[in-house]
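The structure under discussion appears below in the form of C-alpha cells.
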Amino acid sequence: MDTPDNKSGWRSAPRRFYSPEFKLKLVLLALEPGASVADIARRHQVNDNILFNWIRLYRSEGRVTRRQPVTVPSQAQPVLIPVEMTQNVALAPPPDIPVSVVSCRCEVIFARGHLTLTAPSTELLAALVRELIAGDGV
C-alpha cells in the first residue's frame, strides 16, 4: 500500500507540458475526416484521453488550453473605452496617401508614446479597438 512517505507513486515523473501550438496541431489532425484519435495520440506520445479533452474543449470553446483567452466570440456586453475629441488640426498628409483619402485620422496616446493613423481602414480601426479593450500592457 502506498503511503504519503512512499515517493514511488504514479506521479514520480514531472507533469508533461504541451504548447498550445502542439495541442492545436493534434486537434486539427484528429478532426480530419477518417482520422483515428487514438492513432494520432500514440504517434505523438500523448494519452488519447488528453487528446479527446483537447478536442472537446476546441469544439465547445474554440481553444485548446484554458490558459489562452477565449477565441470564440462571447455574448458579453461591449465595453466602452474613453475617447477624447480634439479640434481638427490641419496637417500635411504623408506623400504616399492621396489628399482625398486623408479625411480620417486616429491618434492614441499611451503612457510611453503615441500612435497616429492617417486614413486607417475600418478593419484596422476595429482591430485597434479590440486590442485597446483587451490590452494588458496598454
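Values in this text are rule-based calculations from the coordinates and carry no lab data. Fair warning: this is a prediction, and the values are worked out from it, not measured in the lab. Neighbour counts are summed over all protein chains in view; Cβ atoms, including those assigned to glycine, are modelled from backbone coordinates with ideal geometry.
Quick look at the values:
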item: Sum of side-chain charges, residue 29 neighbourhood, beta-carbon under 15 Å (Lys, Arg +1; Asp, Glu -1); result: +1
item: ³J(HN,Hα), Karplus 6.51/-1.76/1.60, whole Hz, each residue of the range 53-64, x for Gly, Pro; result: 5, 5, 5, 4, 5, 5, 5, 8, 10, x, 8, 10
item: Separation of alpha-carbon centers, the range 46-64 and the range 16-30, rounded to whole Å; result: 9 Å
